[in-house]
1. Of everything in region 38-84, what is in contact with a Ser or Thr (Cβ under 7 Å, 6 or more places away or on another chain), in a strand (DSSP E or B) and of a type in the set (S, T, N, Q)? Give them in sequence order.
2. If you scan region 105-146, which residues turn out to be in a loop (DSSP other than H, G, I, E, B), over 13 Å from Gln157 (Cα atoms) and aliphatic (A, V, I, L, M)?
3. Filter region 64-76 down to residues that are more than 16 Å from Arg170 (Cβ to Cβ) and surrounded by fewer than 21 Cβ atoms within 10 Å (Cβ to Cβ), then give me how many there are.
4. Out of everything in region 158-197 that is in contact with a strand residue (DSSP E or B) (Cβ under 8 Å, 6 or more places away or on another chain) and small (Gly, Ala, Ser), what residue ends up being nearest to Ile119 (Cα to Cα)?
5. In region 179-203, what residues are within 23 Å of Ala110 (Cβ to Cβ), in contact with a Gly (Cβ under 7 Å, 6 or more places away or on another chain) and surrounded by 22 or more Cβ atoms within 10 Å (Cβ to Cβ)?
6. Go through (1) of a type in the set (D, E, K, R); (2) surrounded by 15 or more Cβ atoms within 10 Å (Cβ to Cβ); (3) under 28 Å from Leu117 (Cβ atoms) one by one and return the number of the condition Lys83 breaks.
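None of the figures in this text is laboratory data; all of them are computed from the coordinates on show. Everything numeric here is computed off the predicted structure, so don't read it as measured data. Here Cβ is always computed from backbone atoms with ideal geometry, including for glycine, and neighbour counts include all displayed protein chains.
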Amino acid sequence: MNAINLLRQGVTCRNLIKDYGSGSAMVHALRGVNIDINPGELTLLVGPSGCGKTTLISILAATLDPTSGELSVLGMDLPHLTKFQKAAFRARNVGFVFQQFNLLPALTAAENVAVPLVINGSAKCPAVARAMEMLAAVGLADRCHSLPAQLSGGQQQRVAIARAMIHEPRLLVCDEPTSSIDAKTGQTIMELIRKEAVKPDRVAVIVTHDARVYDFGDRIITLEDGVVANDRRAPARATSSNAIVEPSAVLAPVSPLAIVAGRS
């Protein structure tokens, strides 16, 4: 396959199953998911808590293995990669925004954001300089030297988003990126994520319960009880001046080191 075709590869899941435990204690998190996620558009995963959203994106990001089924991400057959190959795939290709941030407490905001670049071989000084630029892009230019404990929850979330995007990953996965952010900041963050998501060689998936972000998406995939219950085009996006609106006005839906080490 030539390089151009490889860049345009997205995500393909066929009968994807994930079980936890065994016997009577077994939990069926995914019960046969069949989806195609295209590059160059922003896909939202929605549904009630416990429906399998976080499990699914963890499998897509190669931090969790499926029990069975077929999975191709960016042209790679993930279930058949070795542990080392999965770690290399994550380091090069995946930007993951965790719901709990997973910032390293002993590192400053800029150092946290620089971690993916350092992992991929960049020297520390240019990596931190680039990290400061990313922090400015998410409105944190004045907090570059702050430790995570000195930041609010919303500020930590923005640091996590900057870290996920700094190495220009081909797969951007976000778990509730606006959960700790006010509406104004959420609009800024979603505009940035959308700008990054619509690149033709990038796949972007967001898990969200926040109906305010629906207008930023191209597709809304609803999961229920571990299966796809609905897959539809998103409502027309609002203009940037009012992109995030109150939920009632939106249509109802029908540790970076841990990534590299393979811990989920």
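1. Hit for region 38-84 is Ser72, nothing else.
2. Just the residues of region 105-146 that are in a loop (DSSP other than H, G, I, E, B), to begin with: 105-108, 120-123, 138-140, 144-146.
In the following step, the residues that additionally are over 13 Å from Gln157 (Cα atoms) were identified as 105-108, 120-123, 144-146.
Within region 105-146, Ala106, Leu107, Ala123 qualify.
3. Within region 64-76, the first condition is being more than 16 Å from Arg170 (Cβ to Cβ), and the residues that meet it are 64-70.
In the following step, the residues that additionally are surrounded by fewer than 21 Cβ atoms within 10 Å (Cβ to Cβ) were identified as 64-65, 67-70.
Residues in region 64-76 being more than 16 Å from Arg170 (Cβ to Cβ) and surrounded by fewer than 21 Cβ atoms within 10 Å (Cβ to Cβ): 6 in total.
4. Filtering first and then ranking leaves Ala164.
5. Ile181
6. (2)
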